[in-house]
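J.: My questions all concern the structure below.
The values are calculated or read from the model by the stated rules, or taken from the named source; none is laboratory data. Every value quoted in this text rests on a predicted model; they were computed, and no experiment measured them. Every residue, glycine among them, receives a Cβ derived from its backbone with ideal geometry; neighbour counts consider all protein chains shown.
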Ligand SMILES: [Fe+2]
């Protein structure tokens, strides 16, 4: 719906006092036994959700009589891992739902090892064709195996995260997904222009109903700016690199330590907006938020054994080797496995339970124009093409797939815990052996130490190439074929946050 069309609808609604849904239904705070259904109307009205196990028989009702334009209704006492159908509206009539498309599936119990799928998108908020192509490529790719969890890495409503920008560049574009899949966002710098993390105010905080009291697992954060939740055997940690203090003794990272100490999940996935490692459209050596999150947050996460760290902000797809000790005063990273992580390539990455070692992914390619400044030496694969990531978790196996807007799979890796067997191919996609991979193989010996951010310059030429028309070409210090085996000449450069 265009802005002029919306204004027309609003005018008509006002004249006739008819109820109009101005923000279609979306699901928040999914837990094994509860969920929040949200939507907006004009004019203000009561809030009524009818729900049930059959779309033709919505025999349960939750109602709040106070007239509001932003509606949030919590459904409680639900069965775990169960799909419910719903409608929203007033006691007189449903305004949306009551069909097979409007449903929510409650989360599995914490620790349940059922197969689950996560969709990760960053920097999508243009409302343009690229964003829609990324969305459609995902929907086409997954078919009936739709994501259980939608995580957004920030910058979902350019330019300033205002309410109407949210409407047309987030809620409208993703409405077919949001009405049946819980979305878990983190605050991007563009949303931060109009929303305050410290005050918990603005369109971002008005629109999202995020857990503050550990409602969905994890330790209560006391704020919607950062939080955690469980879904099956995965513990998700959502940090705020935009508006909350990033210092190691700040409240956010103090909470992070408590939260990590309280989780025994098989997998831990952390995400926030500003990535710790990137040479995409932003440089993690030179920008305060990226440097500070790398220095402050990643040592805590790695010590707790976090497996996957996702960020956006940099408008590209970049993903690292399996690395650890990738932070600290000397900013050195140890590459634990210098292979491609593909089951049918060099083999999946393996790590022991609780051990340090993570893959870092920048997924800022969800819709905004993409670019690369270079090839960060910790990255196994980089690409300047719009797309999104699908993460499939099945027991002790986690597989991430990069799916371009044109439907092509260009990268995939798997992490296995302990002695787990490699999984069968994630459904809805090509087997790993058939994945397109336009980047020349990179070989780095395990245990290689790399002076990653801002300091490394390789001797000799570079055997790697940037995929997808990347801007700028490969940096002279980019990791090349066998480069780590022949050594590095290190040139340190001070990082000034
Ligand atoms: Fe950003």
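J.: Which of the residues spanning the range 177-199 are more than 26 Å from residue 230 (Cβ to Cβ) and either out of contact with any helix residue (DSSP H, G or I) (no Cβ under 6 Å at 6 or more places or on another chain) or assigned to a helix (DSSP H, G or I) (or both)?
T.: 189, 190, 192, 193, 196, 198, 199
J.: If I ask for residues that are more than 12 Å from residue 118 (Cβ to Cβ), surrounded by 22 or more Cβ atoms within 10 Å (Cβ to Cβ) and more than 16 Å from the ligand (Cβ to nearest atom), which ones from the range 143-169 would you list?
T.: 167 - this is the single residue of the range 143-169 that is more than 12 Å from residue 118 (Cβ to Cβ), surrounded by 22 or more Cβ atoms within 10 Å (Cβ to Cβ) and more than 16 Å from the ligand (Cβ to nearest atom).
J.: Moving on. Output the number of residues of the range 172-191 satisfying the condition of being buried (at least 24 other Cβ atoms within 10 Å of the Cβ) and either over 16 Å from the mean Cα position of the chain (by Cα) or within 16 Å of the ligand (Cβ to nearest atom) (or both).
T.: Final tally of qualifying residues: 5.
J.: List the number of the failed condition for residue 86; all other conditions in (1) under 23 Å from the mean Cα position of the chain (by Cα); (2) touching a residue at least 40 places away in the same chain (Cβ under 8 Å) hold.
T.: (1)
J.: Residues to consider are 243, 280; find the one that is under 16 Å from residue 360 (Cβ atoms), in contact (Cβ under 8 Å) with a residue 24 or more places away in the chain, surrounded by 17 or more Cβ atoms within 10 Å (Cβ to Cβ) and within 13 Å of the ligand (Cβ to nearest atom). Step through it out loud before you land on a result.
T.: Working: 243 fails: under 16 Å from residue 360 (Cβ atoms).
Checking each option against the conditions leaves just 280.
J.: Working only within the range 192-206, note down all residues that are away from the ligand (no atom under 13 Å from the Cβ) and surrounded by fewer than 22 Cβ atoms within 10 Å (Cβ to Cβ).
T.: Across the range 192-206, the qualifying residues are 194, 196, 198, 199, 200, 201, 202, 203, 205, 206.
J.: Let me ask another. Checking the conditions here, which among 286, 213 is surrounded by fewer than 22 Cβ atoms within 10 Å (Cβ to Cβ), within 16 Å of the ligand (Cβ to nearest atom), part of a loop (DSSP other than H, G, I, E, B) and not assigned by TED's automatic domain parsing to the domain that holds residue 27?
T.: One residue alone meets the criteria, 286.
J.: Hey, another quick one. Which one of 143, 77 is farther than 30 Å from residue 274 by Cβ and not assigned by TED's automatic domain parsing to the domain that holds residue 406?
T.: 77
Yes/no matrix, rows are residues, columns are (1) outside any loop (DSSP other than H, G, I, E, B); (2) at pLDDT below 95; (3) over 23 Å from residue 391 (Cα atoms):
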site	(1), (2), (3)
306	no, no, no
309	yes, no, no
313	no, no, no
327	no, yes, yes
335	yes, yes, no
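J.: Which members of the range 332-378 meet the condition of being within 16 Å of the ligand (Cβ to nearest atom) and within 15 Å of residue 398 (Cα to Cα)?
T.: Restricting attention to the range 332-378, the residues satisfying the condition of being within 16 Å of the ligand (Cβ to nearest atom) are 361-373.
Hit for the range 332-378 is 361, nothing else.
J.: Still on this model: Would you check if residue 317 is within 16 Å of the ligand (Cβ to nearest atom) and in contact with a helix residue (DSSP H, G or I) (Cβ under 9 Å, 6 or more places away or on another chain)?
T.: Answer is no for this residue.
J.: I'd like to verify a number: residues in the range 69-98 that are surrounded by 14 or more Cβ atoms within 10 Å (Cβ to Cβ) and farther than 19 Å from residue 149 by Cα, how many?
T.: 13
J.: Inside the range 108-132, can you point out the residues that are under 13 Å from residue 155 (Cβ atoms) and either more than 16 Å from the ligand (Cβ to nearest atom) or in a loop (DSSP other than H, G, I, E, B) (or both)?
T.: 122, 123, 124, 125, 126, 127 - these are the residues of the range 108-132 that are under 13 Å from residue 155 (Cβ atoms) and either more than 16 Å from the ligand (Cβ to nearest atom) or in a loop (DSSP other than H, G, I, E, B) (or both).
J.: If residue 248 meets every condition in (1) assigned to a loop (DSSP other than H, G, I, E, B); (2) more than 16 Å from the ligand (Cβ to nearest atom); (3) within 25 Å of residue 365 (Cβ to Cβ); (4) more than 18 Å from the chain's Cα centre (by Cα) apart from one, which number is that one?
T.: So residue 248 meets the others, but not (3).
J.: Would you be able to say whether some residue in the range 453-471 is at pLDDT 50 or above and surrounded by 15 or more Cβ atoms within 10 Å (Cβ to Cβ)? If you could, list the steps in order and put the result at the bottom.
T.: Filtering the range 453-471 down to residues at pLDDT 50 or above leaves none.
Taking every residue of the range 453-471 in turn, none turns out to be at pLDDT 50 or above and surrounded by 15 or more Cβ atoms within 10 Å (Cβ to Cβ).
J.: Restricting to the range 38-68, count the residues that are surrounded by 13 or more Cβ atoms within 10 Å (Cβ to Cβ) and either within 26 Å of the chain's Cα centre (by Cα) or not in a strand (DSSP E or B) (or both).
T.: Number of matching residues: 6.
J.: Taking the residues in the range 289-311 that are touching a strand residue (DSSP E or B) at 6+ places or on another chain (Cβ under 6 Å) and touching a residue at least 60 places away in the same chain (Cβ under 8 Å) as candidates, determine which candidate is farthest from the ligand (Cβ to nearest atom). Even if it seems obvious, please write down each step before you answer.
T.: Quick first cut of the range 289-311, residues touching a strand residue (DSSP E or B) at 6+ places or on another chain (Cβ under 6 Å) only: 301-302, 306-311.
Among the residues that remain, those that are also touching a residue at least 60 places away in the same chain (Cβ under 8 Å) are: 301, 306-308, 310-311.
Working: 301: 20, 306: 22, 307: 24, 308: 20, 310: 14, 311: 9 Å.
So the residue we want is 307.
J.: Another question, if that's okay. Does any residue of the range 87-103 turn out to be within 16 Å of the ligand (Cβ to nearest atom) and touching a strand residue (DSSP E or B) at 6+ places or on another chain (Cβ under 7 Å)? Explain how you work it out, then say what you get.
T.: Residues of the range 87-103 within 16 Å of the ligand (Cβ to nearest atom): none.
No, the range 87-103 has no match at all.
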